[in-house]
Every structure is written in structure tokens, then in C-alpha cells.
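Before any comments, here is the structure.
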Amino acid sequence: MNAPQSSKKHIIAALVENKPGVLNRVVSLFRRRNFNVDSLTVGRTHKAHISRVTMVIDGARLNPRQMAANLYKLVNVVDVKVISEGLHVERDLALVKVRTDDVESYNTVAELCERYPARIIDMGPEVAIVEITARTELVEEFIEKLKPVGIIEIVRTGVIAMGRGKRIQDTEYEPQVFENGQTATVERFSV
Amino acid sequence: MQLTGAEILLECLIREGVEVMFGYPGGAILPTYDAMAKYPQLKHVLVRHEQGASHMADGYARASGRVGVCIATSGPGATNLVTGLATAMMDSVGIVAITGQVARGSIGTDAFQETDVTGVTLPVTKHNYLVMSAAEIPYVVHEAFYIAKSGRPGPVLIDVPKDVQTEKAEFNVENYPPRLKLPGYQVPKGASDEELQAAVELIRQAKKPIILAGHGIMMSGAVQELRELSEVSGIPVTLTLLGKGAMPESHPLCLGMMGMHGHAACNNAIQDADLIIALGMRFDDRVTGNLKTYAPHSKKIHVEIDASEINKNVKVDVGINGDLRTVLGQLLPMAPHKSHAEWMNQIRDWQEDSSEREILNHYSGEGLLGAQVINDLWRCTDGNAITVSDVGQHQMLEAQYYPHQRPQTMLTSGGLGTMGFGFPAAIGAKFAKPDEEVWAVVGDGGFQMTLAELATARQENVDVKIAILNNSFLGMVRQWQEFFYDERYQSTPMVNPDFCKLAEAYSIPSMRVTRRDEIEEAVAYARSIKGPVLIEFVILAEEIVYPMVPAGNDLNNMIRRPKPGENQS
Ligand SMILES: Cc1ncc(C[n+]2csc(CCOP(=O)(O)OP(=O)(O)O)c2C)c(N)n1
């Protein structure tokens, strides 16, 4: 539906140890080095001790290789990949609260939800919450279309992405187990 | 064996080879201090300010290549370390700092003397830890030492809550060191064949090559390899400030220091070169000047252990992310045998021009010059002392007039330019190298930032000599004001204490020198005493360090000292 993403945006994913303050370290690095990130999202993986951080940067201002080299200087960063260098899928999720206090606006929203990968997930007498999950460009296009209806509130997750097929980003690493049997992951302080 | 966290900590330090640590006690670190009595083999040096402890650990590490250790209490003790950590970070010095923290249950409550030390030090450490159980201590300590000294070295901080120091845990000596688990931490090794081939090809083609040698040469132990490469391929070597000692400065192919106050011949050669081989240096703005016009005619090879430094400031043709000693070892058998007579003649011409301007060759005034002091200090110590300079004009004069022959003998705060570094770092260096002669070369300004450590030097009878170059000015700032602020000496003249009386108050012998013919005797006097000695050299107030590349200027656009008879321009 949309032109392929502009070549200037890069998506970088980092596997990080799920340890106290790791996100702080990543963000502090960006601020210190004057690296601008368009979006940054972080979440657990299927391994309790590993989290995955996804960042989108503007290639015109920042070289992804330079960024990766800097990320690797953080001891808790396990693996860094420039996801956008190869085949991949990417998704951004937005929740948009829109005005639906008359039939016309409701119809417009419902119609847009047919045309985009979006759906109404909360319907009240005056407002509705619409969810869209798609590539960033599509999410932005959708939001533009909603604007005339009357957007009240927006929240977005930022981009997450994954290499397609055999392009796998994972780690074999298992966390340190101390002599008393405890592991190094301190859940309550993580990320 | 069940031990307290404090005991485990000290046991681990001993197993990491620590012999001395520099520190200052306080509530949150008291359990660890209390446990020290059980480990007399671990010497503790009581400083007078935690900043001093961090610089001592730093000086110890720079002089020895081993990890220096400092220790402080929570809150103000820990924040006082920050300048020393930042200094070590900028110059890639491996130190481990241990700080007490409030008890685990109080963290985050603004408890008495609580500071978020891991937060505060995050940008100025290579890594840091908040230890949440005694059982973790062996793993954390071993990791910390490994991280501090491996790859590109740097400071590592370990924050230990008070109740973790008293908590008991199992510690088995035979299990130490534990196996490291650092999945993302890679220490680069050698170069690939393609990289080596590409580098060799550039060396083969070059007619005007120059090597830029930095601190990395020392840290990877590549002094011999550097010299061989230079000799085999006939390539002159210029040094960064921290690179001094990477190649004997008496060597005919060693040109000395480059950069803002480097030798003009070096800066001219860099701008004229057709090949730059940068080894273990990071193209700091103080050595490049204006990046847009930097070394415009040259191809560039950069060998560097920190991948993020390659192509950061200067785009290079061949970037090799590796350990210098390994990479140069690979390169040497392939290095083309060459000499560059024409190029060397050109460089000699530039050097000739500089020696015509050299003040020592024509100054005959009454007042003492800093340049004379350093030159004579060099002569009287056979050019063989470890010198630890502070920051300012005297530091640049040291770099220009005290040629060093051996690695790890010229210590200074290069990257951060930390005034107050010199004297405590010299104390640390002496602990690392008890058999070497150690001189702190300091200005009257910087010395007053950490002179409290005179008491430490006295208490431990540290055999360091302090040479104060007293110009009653914040000299380097005054020089900038003279050049760039129409001689408005705002807040740079200083009314100083009587440094000799000050020394006397600390029971430290001293001498004041005001004339050149007194220098030799004063240095001899200092050397005759085994213990701290302070020599105050009263120098001219308004000396200028030439040449100077004004910040942002092209590297070869220097303010030069006029030749005798020439007009000041
Ligand atoms: C902690 C700190 N504060 C300020 C400066 C800025 N600064 C650089 S050189 C200098 C003057 C140093 O004067 P002095 O120690 O007397 O040495 P001199 O230049 O006279 O040899 C100053 C203030 C600094 N480098 N470090």
C-alpha cells in the first residue's frame, strides 16, 4: 500500500542482560554521545534473563555501525543487529482515542478500520479507542486520516522488528549462578 | 567457609593481586575497614580527600599497568571520587573503586549519606555494580578487575551496601576466580588478512608517511613492535601527549609530541603527509585542530582496540579493530622495507626552523623560565625519572622539554585535563614503582587543589619530589587571555601561600629556587632525601607556551615564537 520504507531509517535491535539499570545504561549512552533516537522500546524475551531493545535511528544523522559499536561497549549488551539491513518485518502499535459523538464520525472511524489493520477496542457514548498495528508509515497514515474526525489522545509503542526466516537474533548465554544457587538476575530491579 | 561480605571482598582483592589501596573511611564502608585488620598484606593508604585516592589509584595503574584500587564511603565519599573516575575514563586507565552504600532496605529513601552512586558514575565508568548480596561479591570483583584492565581499560566502580558487607556467605578460596560470564563483552584480537594487505599496500605506496602513536602502544605493550615498524619501513613517529614513552624520544625517527602545543614539525608533517598510521590514539580535538582540514592529502590507517573510535572523528581508509601488539606483530613480517630520505629532509627543515625559534637557545634574561626548569630537571635526573604532571603550561613544557625514553614514565591527565591530578597521581606511581625516581611537576594553581595529600606523603613517607612551577598565575588560562581576550587577566593572578612554609608545616623539607644556577643544587638536594621533598621554582609570570594551535584552527596554523630579531606578530 505504501512505498517501501525510506532508506534513511535504521532499525537496530539489542539483546541485553535483564539486570538492574540496563535500560538506564542504554539511554544514558545515547544522551552522552548525542545520539538521537526516533523510538526505543524494550521488553522481555522468552528467556527471563534477556530483554530486547529495539531502536529506530535516522541514518542521515547517525551511522548504525557506529551506534552498534557504542552499544557493544556496554557490558550488559549481549548482541546487536541492524535489523533493517536485511529482510524483516516491523510493527508499530498505536491506541488512538477519537471523538465518535455523532453518526458521521463513528462511520468514518468504522470505515477507516476496514481499510487499515485497525479495530475499535473500546466504544463509549462519546469516544472510542482504536487500535492499529502496522508498519510505522501505515500507522502514521491512519492517524492522519483520523485527524479530521477529532483525535483526543494517542499512545504508541514505537517500532519492534524481527528478521525474517533464518535471520535469527538469539543468545545461548545462560546467566551466572552464584555459589549459593542464586542467579544474577534481580527481577525486581530489572530494566 | 562462611565469611562476611567485607571479608569476602578483601579476600577477592588479594586474589586479584592487589597490594595497596588508597582510601578514606566512613559509616557505610566501616565494616570493610574493620575487616582490614585481618589482612595486613593488603596495605591501605589513608588519603586526605577521596579525589586524592582516585588519582593515586590512577597513578598507580598508569605507572604499573596493573589495576589501581581506591575505596570510599557512601554519599560524599563516593561523589568525591567522581573527578578521578572521569579522569581515568578519559585516559583509559584501569582502576577499581569500591564505595560503601546505605543498607539495602534504605536504598531509595534518601537515607543519611545516600547517593545514587551507580547512577552518578554511570557516564564516567566503563562499568559499575550495585552488589545486592554477599554471595555475588566474588563474581563482581573478578568481573570488575577483568573489565578494568582488558580491551580498552577503564574505571569500574563497585557499590556495596553496608549490610551486604556484614552479611555472611560461603566463600571457598579454591573456587576463586569464578568463571567469567560476559556474553557481550568482546576483546578484539588481531587483524584480518584483507585488512593487513590493505594496510601494507598503503605503506608501500606512501612517500610521506607518518605514524601517530598514542597511549594504546603502552597499554598493549607494543613499544618494541612500534619501533620495528618505524625502522623497517622508515616511517617517522609522532606522539600524542599520552603517547610519550611509546618510542624513545632520542630515536632519530621519533619526532616528539604533536597537537595544540606539539612540535611544529610534527604538525606540519601531519598536514603534509600522504599516509597517516594512527596507532592506539583517538584523534582528540587537541591533536587534530580543525577536522575539516585535517591531514587533507593523506590516506589513513587506524589501529584501535575500541571499535567505536574508528571513523568517529576522522574517516579512515583502513580501520583495524584490534589489539595493537597483536596487529603490529602480524603486520611486521609483511611490512615493506623502505626509507624516505626526501620526506625526512623536509621534516628536518621544519625542525631546524623550530630550533632557531627555541627560547633556550637565545634567552639570557634574569628571570627563570619554566622551560629552563624542565630542561634542567631532565638533565639532572638523567632523563630517567617518572614525571607526573598536573595541567597547564608546566604540563605542556614538561611534554616539550622532558623527552622520555621508556614507556609508563610520563603520566598526566590528558583527556580530561584535571588540575589537581599530578601530585596524588605521583604518590600512586611511587607505590607502584618504589625503585624509580618520581617527580610531580605541578603548577601553583593545580597543586593547591590537592595539596592536602602532603599529609599523606608525610604519613607514609612517600619518596616523591614535588616541583612547583610557581608563576603566581593560572598560567595556561592567562596565556589564552593574552592571546584571545586582549590581555584581560580576569581571575587568573594568584596570591599564593608560602609553599616552603607550607611544606614545613607538614614536616616536609623544601627549597625555593629563583635563579637558573640554583636548579642543579636543588634537584640534587631533593634526590638526597628519601622521602617527600618540595621544590618551589619561582618562574616568570608571563611565559608563553609555543607553538600554539588556537582551538579550531588548522593544525599547521600555529602561533609561533618569533625568531630572534623578528617582530612579534
Ligand atoms: C579542575 C580544573 N579546573 C579548571 C581547569 C582549567 N585550567 C586549565 S589550565 C589552568 C591553569 C593552571 O594553572 P597552574 O596550575 O598554576 O599551572 P600553569 O598553567 O601556571 O603552569 C586552568 C585553570 C582545569 N583544567 N581543571
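In this structure, B:Ala198 does not satisfy being of a type in the set (Gly, Ala, Ser) and assigned to a loop (DSSP other than H, G, I, E, B). Does A:Ala48 fit the bill of being assigned to a loop (DSSP other than H, G, I, E, B), touching a residue at least 24 places away in the same chain (Cβ under 8 Å) and more than 30 Å from A:Glu144 (Cβ to Cβ)? Yes; evaluated as a whole, the condition is true for this residue. Suppose the filter is more than 14 Å from chain B (Cβ to nearest Cβ) and exposed (fewer than 15 other Cβ atoms within 10 Å of the Cβ); does A:Asp92 pass it? For A:Asp92, the condition - more than 14 Å from chain B (Cβ to nearest Cβ) and exposed (fewer than 15 other Cβ atoms within 10 Å of the Cβ) - is not met.
Tell me, please, whether a residue that is away from the ligand (no atom under 16 Å from the Cβ) and either assigned to a helix (DSSP H, G or I) or in contact (Cβ under 8 Å) with a residue 40 or more places away in the chain (or both) can be found in region B:491-501. For region B:491-501, residues away from the ligand (no atom under 16 Å from the Cβ) and either assigned to a helix (DSSP H, G or I) or in contact (Cβ under 8 Å) with a residue 40 or more places away in the chain (or both): present. Report whether or not B:Ala505 is open to solvent by 70 Å² or more (accessible area, probe 1.4 Å) and assigned by TED's automatic domain parsing to the domain that holds B:Ala429. So B:Ala505 passes the test. Give me the residue from region B:135-155 that is in contact with a strand residue (DSSP E or B) (Cβ under 6 Å, 6 or more places away or on another chain) and at the interface with another protein chain (Cβ under 9 Å from one of its Cβ atoms) and, out of that set, surrounded by the most Cβ atoms within 10 Å (Cβ to Cβ). Ranking the candidates gives B:Ile147 first. One residue stands out in region B:415-440 among those that are of a type in the set (A, V, I, L, M) and near the ligand (Cβ under 9 Å from one of its atoms): the one that is farthest from B:Thr381 (Cα to Cα), namely B:Leu416.
Looking at this structure, is B:Asn290 within 14 Å of chain A (Cβ to nearest Cβ) and surrounded by fewer than 24 Cβ atoms within 10 Å (Cβ to Cβ)? Answer is no for this residue. A count restricted to region A:21-38 and to residues that are touching a strand residue (DSSP E or B) at 6+ places or on another chain (Cβ under 7 Å), under 15 Å from B:His127 (Cα atoms) and open to solvent by 30 Å² or more (accessible area, probe 1.4 Å) stands at 1. Restricting region B:453-472 to residues that are outside any helix (DSSP H, G or I) and surrounded by fewer than 24 Cβ atoms within 10 Å (Cβ to Cβ) leaves a set whose member that is farthest from the ligand (Cβ to nearest atom) is B:Asn461. Taking region B:90-117 as the range and being over 24 Å from B:Met21 (Cβ atoms) and hydroxyl-bearing (Ser, Thr, Tyr) as the test, the residues that pass are B:Ser106, B:Thr109. Close contacts from region B:528-547, counting a first residue that is in a helix (DSSP H, G or I) and a second that is aliphatic (A, V, I, L, M) and open to solvent by 10 Å² or more (accessible area, probe 1.4 Å), with Cβ to Cβ under 7 Å and a gap of 6+ residues or different chains, come to none at all. The criterion of being touching a residue at least 24 places away in the same chain (Cβ under 8 Å) and in a loop (DSSP other than H, G, I, E, B) holds for A:Asp101. Within region B:384-398, identify whether any single residue is over 16 Å from B:Lys244 (Cα atoms), open to solvent by 20 Å² or more (accessible area, probe 1.4 Å) and more than 16 Å from the ligand (Cβ to nearest atom), and answer yes or no. Within region B:384-398, not a single residue is over 16 Å from B:Lys244 (Cα atoms), open to solvent by 20 Å² or more (accessible area, probe 1.4 Å) and more than 16 Å from the ligand (Cβ to nearest atom). In this structure, is B:Gly184 within 14 Å of chain A (Cβ to nearest Cβ) and either within 19 Å of B:His404 (Cα to Cα) or open to solvent by less than 10 Å² (accessible area, probe 1.4 Å) (or both)? Here the answer is yes, as B:Gly184 does meet what is asked.
Restricting attention to region A:104-137 and to residues that are closer than 15 Å to A:Thr157 by Cβ and hydroxyl-bearing (Ser, Thr, Tyr), the residue that is modelled with the highest pLDDT turns out to be A:Thr133.
Taken over region B:304-359, the criterion of being away from chain A (no Cβ under 14 Å), closer than 14 Å to B:Ile277 by Cα and not in a helix (DSSP H, G or I) is satisfied by B:Asp317, B:Val318, B:Ala335.
Taking the conditions exactly as written (under 21 Å from B:His251 (Cβ atoms), in contact with a Phe, Trp or Tyr (Cβ under 6 Å, 6 or more places away or on another chain) and crowded, with 24+ Cβ neighbours inside 10 Å), does B:Thr450 satisfy them or not? The answer is no for B:Thr450. Within region B:155-188, can you find the residues that are farther than 19 Å from B:Glu16 by Cα and in a loop (DSSP other than H, G, I, E, B)? Selection gives B:Glu167, B:Pro183, B:Gly184, B:Tyr185, B:Gln186, B:Val187, B:Pro188. Here the condition is being among the acidic types (Asp, Glu) and either over 18 Å from B:Ala426 (Cα atoms) or surrounded by fewer than 20 Cβ atoms within 10 Å (Cβ to Cβ) (or both); of B:Asp91, B:Asp110, it holds for B:Asp110 alone. Across region B:274-287, the qualifying residues are those that are in contact with a Lys or Arg (Cβ under 8 Å, 6 or more places away or on another chain) and open to solvent by 10 Å² or more (accessible area, probe 1.4 Å), and the one among them that is nearest to the other protein chains (Cβ to nearest Cβ) is B:Arg282. Scan region A:39-81 for residues that are of a type in the set (D, E, K, R), open to solvent by 70 Å² or more (accessible area, probe 1.4 Å) and more than 9 Å from chain B (Cβ to nearest Cβ) and the total you get is 3.
Figure legend. Inter-residue proximity from region B:57-74: first residues outside any helix (DSSP H, G or I), second residues among the aromatic types (Phe, Trp, Tyr), beta-carbon distance below 6 Å, spacing 6+ or different chains. Indicated pairs: B:Val67/B:Phe145; B:Gly68/B:Tyr60; B:Cys70/B:Phe22; B:Ala72/B:Tyr24. For beta carbons closer than 8 Å, sequence separation of 6+ or different chains, a first residue in region B:406-423 that is more than 20 Å from B:Met218 (Cα to Cα) and a second that is open to solvent by 10 Å² or more (accessible area, probe 1.4 Å) and more than 11 Å from the ligand (Cβ to nearest atom), the qualifying pairs are B:Phe423/B:Leu451.
The values are calculated or read from the model by the stated rules, or taken from the named source; none is laboratory data. None of these values were measured; they are calculated from a predicted model. Glycine also receives a Cβ, built like all others from the backbone with ideal geometry; neighbour counts cover every protein chain displayed. Accessible surface areas use protein heavy atoms only, side chains included; no ligands, DNA or RNA. Shrake-Rupley method; radii C 1.70, N 1.55, O 1.52, S 1.80 Å.
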